[in-house]
Amino acid sequence: MRRVRFVDLVAQQRAVGSEVQRAVVDALDRTDWILGTDVQAFEEELAAYCGAAGAVGTDSGLSALELALRAVGVGPGDEVVIPGNTFIATALAVSATGATPVLADVEPLTHLLDPARVEEALTPSTRAIVPVHLYGQLADMEAIGEVARRHDLRVVEDACQAHGARRWGRRAGTQADAAAFSFYPSKNLGAYGDGGAVVSSDPTLLDEVRMLRNYGQRRKYHHVSKGFNRRLDTVQAAALRVKLRHLDAWNEARADAALRYSARLSDIGVLAPQVAEGNDHVWHLFVIQVQAREEVASLLGRCGVETGIHYPVPIHRQPAYGELAWQAERLPIVDAQADHLLSLPMHPFLSEADTGHVVDALASALDRTRMREAIHG
Ligand SMILES: *Cc1c(COP(=O)(O)O)cnc(C)c1O
C-alpha cells in the first residue's frame, strides 16, 4: 500500500542533506558559533529574498513575534488583535509582552483575519494588529493597513507559514512594521531544530530587536534594556542559507501538488482551498473542510494517508486561555469550522501518484461516511 506522509523530511534530507552537511561542517570548523558569519549572511540573504531592508535571526518564531511586538512598543495594558484561528504562538507572543490578545473572526473561504472584524474588536487599549498569513497566503494587508492607519496601530505580520508568499507581487515582511518567520523543521523553510527571524524595513525596529535578542546590549556588557537570549544559532543559520536557495523551487512543487488536488476535489464534492485575489499562495498547508472529520481522517489513515488538523481547538477554547472564552460570541466562523478542518499531505516531494492516491482515498472515505449518514441520518 502506498504511504503518503503529511510532511516528508526524509525526502527533503535526501535532496539537500549533503549540501547542508558541508555548510554545517564549515560553520563548526569556523568556531564562531554565537552570532557567527552565517547568522549575518543568512539575515542579509533572507532580507534580500523578502525585498526588505533587514532581518534579525531569533531562536524561534515565537521569539520573533514577541520581540517584534516589544520593538513596536506593545506591553502591559495593551491589547493586540489576532485572528481566532491560528497556532497558539500568535497569542502567546502577545501574552509574553504583558499585553492581552483580542481574537477576531476570520473570512469563511480563506480562513484569514477579516479586516471588518478587526475594526469591531478595537478598544482604546488596542495597540497593534497581528494578521496571520495562515496556511501560506497573505492576509488582506491593504485593508488591515488601512484600519491600522485610521486608528494609529502598529502591524506585525505572523509570516510563520508564509515563507516566500506574495500579495500583489510583494512578499511577507514588506507590508507592515515587521514580519515574524519561524524555521521550525516542517515549515516551508525549516531548520534542523528551532529558529526564527524578524524581517523589516524599519532600521530602528531592526536595531531594537537585535538589542533585545542579545541580552539587551548593543555593545558587549553595556545593557540598555532587560533583554533576552533569543539568538539564532550559527549552525542553524548555515543550514538555512543552503535551504533558502531551494525555497522557490520547493514552493513551486507545493503549488503543483495543490493544483493537482484542487483539480479533482470538485468532482468529489469538496470545496478546494480558496486563494484570495492578488495572492501567490505557498501552500504550507492544504486545508479542506469535511463532515464526519474524525471518521474521514481515520479512513484515510487506513489507506496510508497521513492527515493533520489546523487547528482542532481554537484559542478561546484552550484551557490556557480560559479568560478569552467569552469572546466566542465574536467568533462564529472560527467555531463553526473548527470541527471540520482537515489538512491533507502537503510537501514539495508529493508525486502525481501520491496526490492521486490521496484524492482516491478521500473519495472513498467520503462515500462511506455520506452513505452511513444517509442511512442513519
Ligand atoms: C509555527 C508557527 C509559529 C511559531 O513558530 P515556532 O518557531 O514554533 O516558535 C507562530 N505562528 C504560526 C502561525 C506558526 O505556524
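Think of the chain as a dipole: +1 on every Lys or Arg Cβ, -1 on every Asp or Glu Cβ, centred on the Cα centre; then among 359, 72, 4, 4 lies furthest on the positive end. When Rg and the Kirkwood radius Rh are both evaluated on Cα atoms of segment 16-60, their ratio Rg/Rh stands at 1.02. The C-alpha atoms of the chain define a longest principal axis, and helix 293-302 lies at about 80 degrees to it.
Basic side chains Lys and Arg get +1 at the Cβ, acidic Asp and Glu get -1 at the Cβ, and with that the dipole of the chain about its Cα centre reaches some 780 debye. Calculated mean residue ellipticity, 222 nm, the chain: -13000 deg cm²/dmol, from DSSP H runs (n ≥ 4) at -39500 (n - 2.57) each, averaged per residue and rounded to 500. Using a probe of 1.4 angstrom and keeping all protein chains present, the accessible surface of the chain works out to 42 square angstrom per residue. Once the convex hull of all Cα atoms in segment 54-141 is built, its volume per residue stands at 98 Å³. The share of accessible area on segment 218-305 that comes from carbon and sulfur is 49 percent, using a 1.4 angstrom probe. Kirkwood radius, segment 236-310, all distinct C-alpha pairs, inverse of mean reciprocal distance: 14.6 Å. Using Cα atoms only, what is the angle between the long axis of helix 61-71 and the major principal axis of the chain, expressed in degrees (0 to 90) to the nearest 10? Here the helix axis deviates by roughly 50 degrees.
Volume of the convex hull of segment 84-242 (Cα atoms only), normalised per residue: 128 Å³. Across all directions, the average projected area of the convex hull around the alpha carbons of segment 230-377 is 12.9 nm². Of the Cα atoms belonging to the chain, the radius of gyration and Dmax stand at 20.9, 73 Å. Highest mobility in the GNM of the chain, judged by mean-square fluctuation with C-alpha springs under 10 Å and restricted to 144, 315, 34, is found for 34. Note on residue 78: accessible area approximately 30 square angstrom, rounded to 10, probe 1.4 Å, nucleic acids and ligands left out. Measuring max minus min along each principal axis, the C-alpha atoms of segment 1-101 give extents of 49, 46, 26 Å (largest first). Semi-axes of the equivalent ellipsoid for segment 338-377, computed as √(5λ) from the eigenvalues of its C-alpha gyration tensor and ordered from largest down, come to 26, 14, 3 Å. Taking the 1.4 Å solvent-accessible surface of segment 1-67 as the whole, the part contributed by carbon and sulfur is 53%. Near the amide H of residue 305, within less than 5 Å, lie the amide hydrogens of 4, all on another chain or at least 5 residues away, with H placed in the peptide plane. Across the options 274, 307, 319, the greatest Cα extent toward the positive end of the charge dipole of segment 222-320 (unit charges at beta carbon of Lys, Arg, Asp, Glu) belongs to 319.
Computed 3J(HN,Hα) for segment 234-242, one whole-Hz value per residue from the Karplus formula 6.51 cos²θ - 1.76 cosθ + 1.60 where θ = phi - 60°, is 4, 5, 5, 4, 4, 5, 5, 4, 5, glycine and proline marked x. Other residues lying with their Cβ under 13 Å from the Cβ of residue 149 contribute a combined charge of -3, Lys and Arg counting +1, Asp and Glu -1.
Taking a straight line from the alpha carbon of residue 187, these aspartates and glutamates sit under 15 Å away, with near neighbours fewer than eight places off in the same chain left out: 8, 59, 158, 248, 252.
The angle between the Cα long axis of helix 352-376 and the main principal axis of the chain comes to about 60°, on a 0 to 90 degree scale.
On a per residue basis, the convex hull of the C-alpha atoms belonging to segment 107-175 measures out at 81 Å³. Report the net charge of residues surrounding residue 356, where surrounding means a beta-carbon distance below 15 angstrom and charges are Lys +1, Arg +1, Asp -1, Glu -1. Computed value for this residue: -1.
The values are calculated or read from the model by the stated rules, or taken from the named source; none is laboratory data. It should be emphasised that the depicted structure is a prediction, and the values quoted were computed from it without experimental measurement. All Cβ positions, even for glycine, are placed from backbone atoms using ideal geometry, and neighbour counts span all protein chains on display. Surface areas here come from the heavy atoms of the whole protein model, side chains and all, with no ligands, DNA or RNA. Shrake-Rupley method; radii C 1.70, N 1.55, O 1.52, S 1.80 Å.
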